[in-house]
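Chemist: Quick one: this structure, given as structure tokens, is what I'll be asking you about.
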Amino acid sequence: MAVLSMFYGLIISMYYMDNRKHHIPHIHVRYQDEEAVISIPDGVLLEGDLKIGKIKLVQAWIEIHQDELLANWDLAIRGENIYKIEPLK
């Protein structure tokens, strides 16, 4: 697992070689005691729970950084190092 970004108490990460369960590009999000998996292409909640306000923040961040996220996804599923992404400001 590698942390991509942190903002507003959210920790966004991506796991290496993590394409077996959710066969689409996705990120893992932690906020306090909540955890969620959110798809990169469309920002849909795939698994877990996260407050709606926090989901909206993550979706906005995904939209801004979609190209970077997809590039990191390609690296991660090959087991290569991924890059940090600017937080939502």
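Chemist: Any idea which of E63, E80, E86, E68 is of a type in the set (D, E) and surrounded by 13 or more Cβ atoms within 10 Å (Cβ to Cβ)?
Modeler: Testing whether each residue is of a type in the set (D, E) and surrounded by 13 or more Cβ atoms within 10 Å (Cβ to Cβ) leaves just E68.
Chemist: In addition: Can you tell me which residues in the range 13-26 are modelled with pLDDT of 95 or more and either among the basic types (K, R) or touching a helix residue (DSSP H, G or I) at 6+ places or on another chain (Cβ under 7 Å) (or both)?
Modeler: Hits for the range 13-26 are M14, P25.
Chemist: Being free of Cβ contacts under 8 Å to residues at least 24 places away in the same chain and touching a Lys or Arg at 6+ places or on another chain (Cβ under 6 Å), is that true of even one residue in the range 43-58?
Modeler: Within the range 43-58, none of the residues are free of Cβ contacts under 8 Å to residues at least 24 places away in the same chain and touching a Lys or Arg at 6+ places or on another chain (Cβ under 6 Å).
Chemist: Related question: Looking at the range 6-24 only, could you name the residues that are under 21 Å from A76 (Cα atoms) and over 9 Å from the mean Cα position of the chain (by Cα)?
Modeler: Within the range 6-24, M6, L10, Y15, Y16, M17, D18, N19, R20, K21, H22, H23, I24 meet the criteria.
The values are calculated or read from the model by the stated rules, or taken from the named source; none is laboratory data. These numbers were taken from a predicted model, which means no experiment stands behind them. Glycine also receives a Cβ, built like all others from the backbone with ideal geometry; neighbour counts cover every protein chain displayed.
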